[in-house]
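Structure record follows, encoded as structure tokens.
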Amino acid sequence: MEREGIRGRVVRNASMKRYTSMKVGGPVPYLVYPEDEKDLITTIEWLRHQGLGVRFLGNGTNVIVADKGVEVGLIRMTRVRHLHFHNIPGGARVEAAGGLSLKILIRECCGRGLAGLETLYGIPGTIGGAVKMNAGSFGASISGCLRSVRVADSDGVRTIERANMDFGYRSSSFQNAQCILEAAFELRTDDTQRIKADMEYVWQKRQQKHPMELPSAGSVFKNRPGTACWKLIDEAGLRGLRIGGACVSEKHANFIVNTGHASAADVRGLINEVKKGVRETTGVTLDEEVELWGFNE
């Protein structure tokens, strides 16, 4: 296959069952792993020459892809994993590749006595994905320590300062057509053992509350102001509801789990049934936190 200068790995007809945490979904024509930023630009140009739109995927922990797949060129920057620390008064500025695991970043910061991100420990995505969705837990969001982001998009590679970004609850001004190359954070110096204890506490709570033993895409719906979605789903009597191999988790009702052989249609159907049930019972319309790719395309 002619790749016109792409140095990274190119996977043809890549099944999203393999590359998303829900373990469902059909193929994309090309999945590419660029070796560096220059290779990324070459890849984007090549995919567009093939007549394909471009999307970016981290660890696929917040994405559900339709069974038919989606006609895009998909790019993963997970081979670029640099992490740099620069001392500043009272802490450090940390520059991390967008494709680096968020868990790895937090562990490395803990080892250097740098606090500010530890309550996010256990969120399974990449740094780029976490920034894009403004990932958060235990009252903190990743945008709280964020200072700048380097992105690649149709305008080329540029740096965006924090003042020029917009963040909301599980949302940001970054789009699917933008690749987060690097994020810079400012973290404060703190006691390593205290940071480690906070990480362990968060991890234990996740294991207790979340159905980590089965494939899922994390929380399916965005919490309402003052009301957790799982309470609304419980009020509608939907905990344990099943469609095919997809099931509203008995452990946490805002998770939909793949019990073994779910299709993307099962998952999407269950999402719709939960929204319908909650709306009819409580009058509340739930909004998806997960991204749905290819269902209306």
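The values are calculated or read from the model by the stated rules, or taken from the named source; none is laboratory data. Treat the numbers as computed from the prediction; the structure is a model and nothing was measured. Neighbour counts are summed over all protein chains in view; Cβ atoms, including those assigned to glycine, are modelled from backbone coordinates with ideal geometry.
Taken as a whole, the structure places TYR169 among residues that are outside the structural domain of THR61 (by TED's automatic domain parsing), within 22 Å of GLY122 (Cα to Cα), within 20 Å of the chain's Cα centre (by Cα) and hydroxyl-bearing (Ser, Thr, Tyr). The set of residues in region 271-297 that are out of contact with any Leu (no Cβ under 9 Å at 6 or more places or on another chain) and not in a loop (DSSP other than H, G, I, E, B) comprises ASN272, LYS276, GLU280, GLU288, GLU291, LEU292, TRP293.
When you look at ARG107, is it part of a strand (DSSP E or B) and either touching a Phe, Trp or Tyr at 6+ places or on another chain (Cβ under 6 Å) or outside the structural domain of GLU37 (by TED's automatic domain parsing) (or both), yes or no? In short, no.
Per-residue answers, yes or no, for (1) more than 19 Å from the chain's Cα centre (by Cα); (2) part of a strand (DSSP E or B):
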site: VAL157; (1), (2): yes, yes
site: ALA183; (1), (2): no, yes
site: ALA253; (1), (2): yes, no
site: GLY269; (1), (2): yes, no
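Scanning region 3-22 for residues that are touching a strand residue (DSSP E or B) at 6+ places or on another chain (Cβ under 6 Å), of a type in the set (A, V, I, L, M, F, W, C) and under 17 Å from VAL72 (Cβ atoms) returns VAL10, VAL11, ALA14, MET16.
All of GLY53, GLY25, GLY58, GLY8 fail the test of being surrounded by fewer than 19 Cβ atoms within 10 Å (Cβ to Cβ) and either in contact with a helix residue (DSSP H, G or I) (Cβ under 6 Å, 6 or more places away or on another chain) or over 26 Å from GLY218 (Cα atoms) (or both), apart from GLY53.
Which of the residues spanning region 136-148 are at pLDDT below 95 and in a loop (DSSP other than H, G, I, E, B)? Those that are at pLDDT below 95 and in a loop (DSSP other than H, G, I, E, B): PHE138, GLY139. Of all residues in region 44-57, at least one satisfies being closer than 29 Å to PRO211 by Cβ and not hydrophobic (A, V, I, L, M, F, W, C). Taken together, VAL131, VAL151 contain a single residue that is within 21 Å of MET77 (Cβ to Cβ), surrounded by 21 or more Cβ atoms within 10 Å (Cβ to Cβ) and under 16 Å from the mean Cα position of the chain (by Cα), which is VAL131.
For region 208-218, the criterion of being buried (at least 18 other Cβ atoms within 10 Å of the Cβ), hydroxyl-bearing (Ser, Thr, Tyr) and at pLDDT 95 or above is met by at least one residue.
When PRO89 is tested against (1) over 25 Å from ARG48 (Cα atoms); (2) touching a residue at least 12 places away in the same chain (Cβ under 8 Å), just one condition goes unmet, and that condition is (2).
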